[in-house]
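Everything below concerns the one structure shown next.
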Amino acid sequence: MPVGSKGALAAAAGLVVAAGVLLTPSSPARSAPESTAVGGPAAVTPAAVPLDRLTVSTTQVASGLRRPTAIHAPDDGSGRLFIAEKTGTIRVYHEDTGLAADPLLDLSGRVSTSGNERGLLGILTAPSFPTSRSLYVAYTALPDGALTLSRFVLDSAGQHPVPAAREEILLSQPHAEFTNHNGGQIAFGSDGYLYWSIGDGGGADDPLDTGQDLGTLLGKILRLDVSRGCDGRPYCVPADNPFVGTAGARPEIWAYGLRNPWRFSFDRADGSLWIADVGQGTYEEINHLASDQKGANLGWSCREGPQVFDPERCVAGAQYVDPVYHYPTSVDGCAVIGGHVYRGTRYADIAAGTYLATDYCSGTAFVIRPTADGGYESRKLGELTIQPTSLGLTADGEIYLVNDLPGQLHRVSFGTTAPPATCTVSYRVDSQWGTGFTATVTLTSTGPTPVSGWTVGWTYAGNQRVGSGWNAEFSQQGTAVTARNVPWNAAIAPGGTVSFGFLGSHSGANPAPTAFTLNGAPCA
């Protein structure tokens, strides 16, 4: 869970046991805070709707969950969502049948739930799940909260329930000093390796001094080969991991300098990594790493968000990756909840390439997109729901959300608002007789950029018909009229005007149109 005590005191770090190897944590030498900061990648994805016109909302589809913590969809064609509950159970949801009463897996007798942030924290199925049949979980284990990564091999992809006796523990990281900052996200990258986030060990101010220490797995994102081809070992370390061969460093580490990376995700389009790191009390931050940006140092506890937190923990010459988005804790929320880049089909025309995150306390929807100049644009889009704890994807890329004490599952939808008017139109009947009239239309551009080619449209409430005209080409279908520029007045500068007119016919009342459009967008 993302929120917990931010003021606990520290105790000494313990030994780390992993894959049968005993390693003693070590700390790098300290020096003056002479360092630089670098940003993340920016890969531009075209999207039809700018962020200032995008909206996002949620629709509740299920309730009755017990403090849900994670969502995952097996890519097996079943349409199921697996939902982890803090207590140690995994529930199954399907849009046709709702939330199943019986859990898929029950580890409640093995999961420590003491404190607000311990519990079953991550769930994942292997690629090609119907053939691999491997299910992975990350949780805090009894009796002392050790961070645990386990695998279950099912008889079939549809096996329900999964016997708890199938558990194979792959990696365990002691975490006894404090109950908070457990991380817990697990995901497969496009490279086929499993990534696992682990918090800094808890307490306030990084009391165990783990964020910059490459000798411990605390405060890191790990990259593991769990392909079951490791000569009987629970996992292998990929040979191209950044700290393989580095004296005193854990070779499992992919990225470091993290406080509590509660949720990270991979962009399905380019394999880049988005990481949301819960702040100490000043900034919540979101980071973005290229798929090959290994060994990245996110800064904690030298830095929090965009600024120095503890200069004594800054290393001379180190390069710290700046967040691509940050917001003030206790102003816009209290704990960032990382999300996903939208790559589904339902809203692809308006939201493709948009990263969505939220916050546990405020429920605010934060959206971020890379820009063509190598930067990022961002916006707050209102409130999603109360106490969100995790965002997850269906197999086809649609986004769902779970919230904590309400225990609900929500479907996330995107929408749009009308674009701001960039024009005004005046319509004047100049003369009128029997069955005819003449009219003049004046278009004024109020937008910031020139208009190059224009089409003005309106709809009559009566039976008027447009005949011959001047300074425009006219067409009419039923009551809908279209006027297009002619070659000599196609361009309109900001603040400029163009007038055109026509001879029309009618019988009876001759009311003026009440609404106009310019190139399909409404005019004021």
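The table that follows gives values for the structure above.
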{"quantity": "Filter result (in contact with a helix residue (DSSP H, G or I) (Cβ under 9 Å, 6 or more places away or on another chain) and either charged (D, E, K, R) or over 19 Å from D359 (Cα atoms) (or both)) within region 398-445", "calculated": "G415, T416, T417, A418, P419, P420"}
{"quantity": "Search result, residues across region 85-104 that are more than 16 Å from G407 (Cβ to Cβ) and under 27 Å from the mean Cα position of the chain (by Cα)", "calculated": "H94, E95, D96, L104"}
{"quantity": "Search result, residues across region 429-474 that are more than 17 Å from P487 (Cα to Cα) and of a type in the set (G, A, S)", "calculated": "S431, G434, G436, A439, S445, G447, G457, A461, G462, G467, S468"}
{"quantity": "Matching residues, region 430-446, being assigned to a strand (DSSP E or B) and surrounded by 14 or more Cβ atoms within 10 Å (Cβ to Cβ)", "calculated": "G436, F437, T438, A439, T440, V441, T442, L443, T444, S445"}
{"quantity": "Answer residue from region 285-317, given it is closer than 16 Å to L258 by Cβ and among the aliphatic types (A, V, I, L, M) and is surrounded by the fewest Cβ atoms within 10 Å (Cβ to Cβ) among those", "calculated": "V315"}
{"quantity": "Which numbered condition S362 fails, given (1) in contact (Cβ under 8 Å) with a residue 40 or more places away in the chain; (2) touching a Gly at 6+ places or on another chain (Cβ under 6 Å); (3) under 28 Å from A84 (Cβ atoms)", "calculated": "(1)"}
{"quantity": "Condition check for V456: at pLDDT 95 or above, of a type outside the set (S, T, N, Q) and in contact with a Leu (Cβ under 7 Å, 6 or more places away or on another chain)", "calculated": "yes"}
{"quantity": "First in region 80-96 and at positive phi, second anywhere and open to solvent by 30 Å² or more (accessible area, probe 1.4 Å), Cβ under 7 Å, 6 or more apart", "calculated": "G88/D106; G88/S108; G88/R110"}
{"quantity": "Residue within region 167-180 that is touching an Asp or Glu at 6+ places or on another chain (Cβ under 7 Å) and among the β-branched types (V, I, T) present", "calculated": "yes"}
{"quantity": "Residue tally, condition of a type in the set (S, T, Y), in a loop (DSSP other than H, G, I, E, B) and modelled with pLDDT of 95 or more, over region 114-173", "calculated": "2"}
{"quantity": "Qualifying residues in region 355-399 (those that are assigned to a loop (DSSP other than H, G, I, E, B) and among the charged types (D, E, K, R)) - the one most open to solvent (accessible area, probe 1.4 Å)", "calculated": "D373"}
{"quantity": "Region 402-428, residues that are hydrophobic (A, V, I, L, M, F, W, C) and surrounded by 15 or more Cβ atoms within 10 Å (Cβ to Cβ)", "calculated": "V402, L409, V412, F414, A421, C423, V425"}
{"quantity": "Selection from region 447-459 of residues that are closer than 17 Å to P420 by Cα and open to solvent by 80 Å² or more (accessible area, probe 1.4 Å)", "calculated": "P448, T449, P450"}
{"quantity": "Residue among G119, G98 that alone is crowded, with 22+ Cβ neighbours inside 10 Å and over 22 Å from P234 (Cα atoms)", "calculated": "G119"}
{"quantity": "Residue that is open to solvent by less than 50 Å² (accessible area, probe 1.4 Å) and either at pLDDT 95 or above or closer than 25 Å to A418 by Cβ (or both), where the choices are A472, A491", "calculated": "A472"}
{"quantity": "Strands (runs of 3 or more DSSP E) enclosed by region 249-323 - at least 3 residues per element that are of a type in the set (A, V, I, L, M, F, W, C)", "calculated": "253-256, 273-277"}
{"quantity": "Qualifying residue in region 501-520 (condition: touching a strand residue (DSSP E or B) at 6+ places or on another chain (Cβ under 8 Å), buried (at least 16 other Cβ atoms within 10 Å of the Cβ), free of Cβ contacts under 8 Å to residues at least 40 places away in the same chain and of a type outside the set (F, W, Y))", "calculated": "no"}
{"quantity": "Filtered residue count, region 125-159, keeping only those that are touching a residue at least 40 places away in the same chain (Cβ under 8 Å), open to solvent by less than 10 Å² (accessible area, probe 1.4 Å) and farther than 22 Å from P68 by Cα", "calculated": "1"}
{"quantity": "Subset of region 404-424 (residues that are in contact (Cβ under 8 Å) with a residue 40 or more places away in the chain and out of contact with any Phe, Trp or Tyr (no Cβ under 9 Å at 6 or more places or on another chain))", "calculated": "L405, P406, G407, Q408, T416, T417, A418, P419, A421, T422"}
{"quantity": "Qualifying residue in region 271-282 (condition: surrounded by fewer than 19 Cβ atoms within 10 Å (Cβ to Cβ), modelled with pLDDT of 95 or more and hydroxyl-bearing (S, T, Y))", "calculated": "yes"}
{"quantity": "Residue identified as closer than 19 Å to L218 by Cβ and open to solvent by 30 Å² or more (accessible area, probe 1.4 Å) among P251, P261", "calculated": "P251"}
{"quantity": "Residue within region 338-354 that is outside any loop (DSSP other than H, G, I, E, B), closer than 16 Å to W262 by Cβ and among the β-branched types (V, I, T) present", "calculated": "no"}
{"quantity": "Any chance S190 is modelled with pLDDT of 95 or more, assigned to a strand (DSSP E or B), touching a Lys or Arg at 6+ places or on another chain (Cβ under 9 Å) and not charged (D, E, K, R)", "calculated": "no"}
{"quantity": "Candidate set: region 286-315, residues that are more than 21 Å from G202 (Cβ to Cβ) and among the hydrophobic types (A, V, I, L, M, F, W, C); chosen: the one farthest from the chain's Cα centre (by Cα)", "calculated": "V315"}
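The values are calculated or read from the model by the stated rules, or taken from the named source; none is laboratory data. All of these numbers come straight from a predicted model, not from anything done at the bench. In this analysis, Cβ positions are derived from the backbone assuming ideal geometry, glycine residues included, and neighbour counts consider all displayed protein chains. Just the protein is used for accessible areas: all its heavy atoms, side chains included, with ligands, DNA and RNA removed. Shrake-Rupley method; radii C 1.70, N 1.55, O 1.52, S 1.80 Å.
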